[in-house]
Amino acid sequence: MFEIRTPWQKLVFALAFLCIGLYVFFPTYWMVITALKPGQEVFNPNPTFWPRTISLEGFREVFLDQRIWVYLRNSLTVSLSSSALATLVAAYAGYSFSKFRYRGRKTFMYLVLTAQMFPLVVLLLTIYLMMRTFGFLDNYLALILSYITFVLPMGTWALKSYFDQIPDSLIESAKVDGASRVMTMHRIIFPLAIPGMVSTAIYGFVWSWNDLLYSLTLITSPGKRTLAPGLILNYMGEFQSSWGTMMAASIVVSIPVTLMFVFLQRFFIAGLTAGAEKG
Amino acid sequence: MKRKVHSGRKLTESQFGFLLALPALAVFGAIILYPLLNSFAMGFTNQSLLRPGRQYVGLLNFERIFLDPNILQVFVNTFVFVACTTAFSFSMGFIWAMVLNQGLRGSELLRGITLVNWIIPGTAIGFLWMWIFNGQYGVLNALLRGLGLIQENITWLGRPGSAMAAVVIARAWQTLPWYMAFLLAGLQAVPYEQVEAARIDGASNFGVFTRIVLPNMKFIIFLILILGVIGNLQHFDIIWVMTQGGPAQATTTLAVEVYRRAFQNWELGVAAAIGVLWVLLISIFAFFYIRNLERDS
């Protein structure tokens with residue numbers, strides 16, 4: 001799109017590439033390198049940019065910590081369930097908004113879209129009281145219900161734009177062949193929207209996995225804690241002495257979402273920017 | 001869906017469609033609509049987490065908020081945080097998208113790795129930047145000392161101004177890939193013939209950018225800026241991990257303030273009153289956002 005021919009243009013390009021590249025990539029490099037340094041090398045006022053000795057001390061400490069395993073299991077339980085449920089709810093809603101006409105449809109569509117605008121912490125004031133009243137405090141149901149709702153705007157719209165591309169004639173011909181509406185939806189339409197479903201599921205998983213505010217507030221007993229608040233409560237008090245371990249722990253929490261993303265990147269970017277290309 | 005309608009009549013098309021949207025509407029009502037309205041009402045009561053029940057207290061909470069000398073600071077902090085993170089992250093993301101759009105070898109790979117910053121948990125990002133900005137062993141101090149820019153180590157997170165700068169840089173780092181992804185998609189949708197026609201007319205890179213790229217991407221730029229502002233306005237994780245709103249309230253934004261009032265001081269009523277002011281503020285943005293979406297479709 002832009003010409004890079006003259007030395008001046010080359011300089012500008014190279015500077016932009018280097019400066020932003022450094023900003024984007026160096027911190028992650030630093031996290032990995034710190035996690036791989038032995039304890040005394042981490043606490044060097046003149047840090048080494050390449051570790052003199054590679055050590056897995058930090059990771060060992062993380063994995064020997066029983067609490068981390070509990071948090072990991074809890075986070076997986078919550079994230080997998082809310083991701084699956086959110087995808088299902090969003091698929092039905094997206095299909096409904098795309099292929100059916102009824103009173104209030106447009107209002108509902110925009111209502112769902114506004115869900116991401118209201119301050120989550122303000123909603124949390126009531127959600128906290130509500131869950132306490134129903135006895136769902138310290139129960140994963142409280143987290144899962146909240147996460148489903150927060151994933152809906154993105155998920156519903158991504159899936160709606162998938163369903164919009166599927167011609168109505170496909171539904172008509174399934175009807176002529178004698179398929180019921182429920183069957184048409186599950187067997188014919190949904191499989192065509194798999195990329196959208198996958199990106200919604202990833203989005204839902206990442207959202208639940210990364211959330212701090214709700215998991216910090218709605219879950220109170222140590223045995224039920226998920227990773228994000230768990231790590232804070234584990235390391236914040238003693239942070240002066242354990243930077244290597246903290247970096248190793250940060251890598252450990254980042255790996256599941258990163259792996260998921262790497263394998264399914266193509267789906268995800270397509271889903272994420274589905275609306276953008278139309279604009 | 002297995003439940004049959006008793007009379008044996010089949011649902012009409014629109015009834016069926018409505019039924020499909022029902023689960024979404026139900027959770028929306030329970031987790032967004034009711035909490036929003038109730039939190040609004042709560043702002044006019046003395047609701048607390050320490051005792052059951054609540055009484056209507058009129059505008060008392062708002063009075064307390066406006067009489068609190070720190071509240072202005074919170075609004076200013078929020079403004080600075082939102083404006084700086086959005087502007088910085090958006091411009092870096094835009095430049096990065098243009099760089100990667102040049103079709104250099106390995107661009108695809110770089111784009112993929114860039115997105116990792118956005119996908120990893122805010123807690124991990126907070127830890128990472130705390131470590132980079134660490135006053136004793138942090139790599140930033142070491143780098144700046146090495147370049148001769150500073151003589152003494154700076155306790156970045158211990159001073160009001162630099163603490164704010166630190167959380168802005170960390171949050172901008174997290175969202176840069178998000179802007180990049182949208183802007184890259186937008187760049188790829190710019191009609192190539194228009195660029196070529198401008199080139200034939202002798203347009204420079206700058207001319208192509210202002211006359212072809214920007215006008216074509218107006219809608220997407222507007223959209224992501226609005227969404228970016230709304231997201232930054234509610235951001236909590238990184239600030240909470242890095243500074244907990246300190247030092248001396250210097251990084252306390254609305255989100256942190258509401259959390260603290262509610263779940264550390266147990267004053268839900270006051271927290272909700274701040275929320276009321278906040279939602280009014282957002283409605284202005286929401287209005288423009290929805291109006292633009294409608295105009296587009």
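Rounded to the nearest angstrom and ordered from largest down, what semi-axes does the equivalent ellipsoid of segment A:54-158 get from its C-alpha gyration tensor (root of 5λ)? Could you put the intermediate results ahead of the total?
Working: eigenvalues 245, 68, 31 Å².
Semi-axes (√(5λ), whole Å): 35, 18, 12.
For segment B:70-296, the equivalent ellipsoid derived from the Cα gyration tensor has semi-axes of 35, 25, 14 Å, listed largest first. Using DSSP to call loops (not H, G, I, E or B), can you name the trypsin sites (Lys or Arg not before Pro) in segment B:17-119 whose Cβ has at most 11 other Cβ atoms within 10 angstrom? The qualifying sites are B:105. Highest mobility in the GNM of chain B, judged by mean-square fluctuation with C-alpha springs under 10 Å and restricted to B:246, B:161, B:202, is found for B:202.
Rounded to the nearest 0.05, what FRET efficiency do residue A:221 and residue B:105 give with R0 = 45 Å and r taken as the Cβ-Cβ distance? Could you check? Taking R0 as 45 Å, the efficiency between residue A:221 and residue B:105 is 0.30.
What's the longest bit of chain A with no exposed GluC sites (Glu not before Pro), using DSSP loop states and at most 15 other Cβ atoms within 10 Å as the test?
On the way: sites that count: A:3, A:238.
Formally, the longest exposed-site-free interval is A:4-237.
Between residue A:173 and residue B:13, the FRET efficiency from the beta-carbon distance, with R0 = 25 Å, is close to 0.95. The long axis of helix A:194-210 is offset from the longest Cα principal axis of chain A by roughly 40 degrees.
Taking the C-alpha atoms only, the angle from helix A:243-263 to the longest principal axis of chain A is near 30 degrees.
Its Cα centre serving as origin, chain B has a Cβ charge dipole (Lys and Arg +1, Asp and Glu -1) of approximately 840 debye. Using 0.36 nm per residue and subtracting the Cα-Cα separation, the extra length available between residue A:32 and residue A:192 on full extension is 53.6 nm.
In units of 2.2 N^0.38 Å, what is the alpha-carbon radius of gyration of segment A:13-87?
Compactness ratio reported: 1.60.
Which helices pass in chain B if a helix is a full DSSP H run, must span at least 27 angstrom along its long axis by Cα, and must have mean Kyte-Doolittle hydropathy not below 0.0? Membrane-span-like by this criterion, though nothing is claimed about a membrane: B:71-100, B:160-188, B:268-296.
If only the Cβ of Lys and Arg carry +1 and only the Cβ of Asp and Glu carry -1, the dipole of segment B:98-254 around its Cα centre is close to 140 debye. Magnitude of the charge dipole for chain A, about its Cα centre and with charges confined to Cβ atoms of Lys, Arg (+1) and Asp, Glu (-1), is about 660 debye. Couplings for segment A:126-137, taken from phi via the Karplus curve 6.51 cos²θ - 1.76 cosθ + 1.60 with θ = phi - 60°, read 6, 4, 4, 5, 4, 5, 5, 4, 7, x, 9, 5 Hz in order; Gly and Pro are left as x. If you plug the beta carbon distance of residue A:14 and residue A:80 into 1/(1 + (r/R0)^6) with R0 = 35 Å, you get a FRET efficiency near 0.20.
Rule-based calculations on the coordinates, nothing more; no lab input. Fair warning: this is a prediction, and the values are worked out from it, not measured in the lab. A quick note on method: Cβ atoms are made from the backbone with ideal geometry, for glycine too, and the neighbour counts reach across all protein chains shown.
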